[in-house]
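K.L.:
Quick one: structure below, then a few questions.
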Amino acid sequence: MPTSESIVSRRPRYAAGPVRRLRLLGQWLVRKPWVIVTFFLLLGIVASVAIALWPMQVPWTTFTFLAVAAGLFLEPRLLVTVYVGLFLALVSLGVALGATKPATIGAQIVTLGTMGLMLWLSNARAQAGVVGVGGESMLVDMRDRLRAQGELPTLPPSWGAEVALESAYGDGFAGDFVVASRSTNGRMLEVALVDVSGKGREAGARSLLLSGALGGLLGEMSEGGFLQSANNHLLRLRWPEGFATAVHVAIDLETGHFTIGYAGHPAAAQYAAGSGRWRMLAGGRGPLLGVIERAEFPRESGTIRRGDALVLYSDGVIEARDRALTDGIDRMLGRAESFIRTGFEGLAQRLCDQAAAGLGDDRAVVTIWRS
């Protein structure tokens, strides 16, 4: 039987390639640290000779550039060695050239300040156990791993799905994430949309840790046991801000029957092709994840028939400080109305782009439809 690829809609905001290439270079340099120390000291000698021969053409900022470049690749101990050599060369040239080269004292002060800043950054990286651009590359890998866990599995031809994730103010990390799984026999699709406390990069680390754990639970627990297990996991973590909201849906891809449960999360919306209307699903509203022990999370059941659609979303899509929650829901459903005739592709990204919270909050939308 042919299959159709589900769609994951995200905006490419980052150029991860250059960072990863620098990381590969950095890994080689870590194994041979004195090679780069010697390299920068030789560059310092070349810069000194160039300034001595052409004092009016070669600027003092050449040493500032070398100080910044060395700070990107060296640990603090080795960086001090390079900086001592560069600063001695700078001072010696200043004395030798005298009035021939203007702004000597100012250049020395600026270069010394730059060296101090780069030493501070290098020491901060060393405390985190990374050298050079390795820290930035690790963050890129973490972000990509978090997003990869939200990739939807391949669905049968009669089904379609999209995921759209947008972080607050365009940060690389978000407190909203999606995990999805399809059973080994291909019949059951499970999707969980989770909103961790906080937003943007503040919640990024917690999202990464929690997404891995919940991704492992998804498909391994019974439909009614997923949210309970997620709640127990958060309670064991004992985070200071360790709560989250979630919505979990399990869909039988052969019959369209689904069950859905909430943990302090906004109700999902369903479009019924028979009536031609959107409606907000009712049912039990469980407590926040990570707050109450032995909490109960009631579930609602329904059916996605041909032409129907289901929308899961985070609170950033409907909530705004200056508007009532019902206004945000009406706004979202109004945007969704325009997709009834043309199909539901692109709806997830549209709802994220035109969310009530704007850019000030994380937004996540999952749309699932049956054609």
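The values are calculated or read from the model by the stated rules, or taken from the named source; none is laboratory data. What you see is a predicted model, and the numbers here were worked out from it, not measured in a lab. Cβ sites come from the backbone with ideal geometry, for glycine too, and all protein chains shown count toward neighbours.
K.L.:
So if I check each of A324, A263, A320, A295, which one is closer than 29 Å to T154 by Cβ and either in the same structural domain as F177 (by TED's automatic domain parsing) or among the hydrophobic types (A, V, I, L, M, F, W, C) (or both)?
P.N.:
On inspection, the qualifying residue turns out to be A263.
K.L.:
Being in a helix (DSSP H, G or I), crowded, with 16+ Cβ neighbours inside 10 Å and modelled with pLDDT of 90 or more, is that true of even one residue in the range 98-110?
P.N.:
Yes, some residue in the range 98-110 is in a helix (DSSP H, G or I), crowded, with 16+ Cβ neighbours inside 10 Å and modelled with pLDDT of 90 or more.
K.L.:
Among the residues of the range 170-194, which ones are touching a residue at least 12 places away in the same chain (Cβ under 8 Å), outside any strand (DSSP E or B) and not basic (K, R)? Give the steps one after another, and end with the answer.
P.N.:
Taking the range 170-194 as the starting set, the residues that turn out to be touching a residue at least 12 places away in the same chain (Cβ under 8 Å) are 170-183, 186-194.
Next cut, outside any strand (DSSP E or B) only: 170-175, 183, 186-187.
Those that are touching a residue at least 12 places away in the same chain (Cβ under 8 Å), outside any strand (DSSP E or B) and not basic (K, R): G170, D171, G172, F173, A174, G175, S183, G186.
K.L.:
Across the range 250-290, which residue is modelled with the lowest pLDDT among those that are surrounded by 22 or more Cβ atoms within 10 Å (Cβ to Cβ), small (G, A, S) and part of a loop (DSSP other than H, G, I, E, B)?
P.N.:
The qualifying residue modelled with the lowest pLDDT is G290.
K.L.:
Would you mind stating whether P55 is without any contact (Cβ under 8 Å) to a residue 12 or more places away in the chain and outside any helix (DSSP H, G or I)?
P.N.:
Criteria not met by P55.
K.L.:
Name, by its number, the condition in (1) touching a Ser or Thr at 6+ places or on another chain (Cβ under 7 Å); (2) modelled with pLDDT of 90 or more; (3) not assigned by TED's automatic domain parsing to the domain that holds D362 that does not hold for G94.
P.N.:
Among (1) touching a Ser or Thr at 6+ places or on another chain (Cβ under 7 Å); (2) modelled with pLDDT of 90 or more; (3) not assigned by TED's automatic domain parsing to the domain that holds D362, G94 violates only (2).
K.L.:
Hey, does the range 355-368 have a residue that's at pLDDT 90 or above and surrounded by fewer than 16 Cβ atoms within 10 Å (Cβ to Cβ)?
P.N.:
no
K.L.:
Please determine, by comparing only the residues of the range 336-346 that are out of contact with any Asp or Glu (no Cβ under 9 Å at 6 or more places or on another chain) and surrounded by 14 or more Cβ atoms within 10 Å (Cβ to Cβ), which one is nearest to F243 (Cα to Cα).
P.N.:
Step one: list which residues in the range 336-346 are out of contact with any Asp or Glu (no Cβ under 9 Å at 6 or more places or on another chain), which gives 336-338, 340-343.
Right, trim to surrounded by 14 or more Cβ atoms within 10 Å (Cβ to Cβ) and you get 336, 340.
On the way: A336: 30, I340: 36 Å.
This residue is A336.
K.L.:
I want to confirm something. Restricting to the range 297-326 and keeping residues that are among the charged types (D, E, K, R) and exposed (fewer than 14 other Cβ atoms within 10 Å of the Cβ), which single residue is farthest from T245 (Cα to Cα)? Write out each step before concluding.
P.N.:
At the first step, the residues of the range 297-326 found to be among the charged types (D, E, K, R) are 299-300, 305-306, 308, 315, 319, 321-323.
So of that shortlist, the ones also exposed (fewer than 14 other Cβ atoms within 10 Å of the Cβ) come out as 305-306, 321-322.
On the way: R305: 28, R306: 30, R321: 19, D322: 22 Å.
Only one residue fits best here, namely R306.
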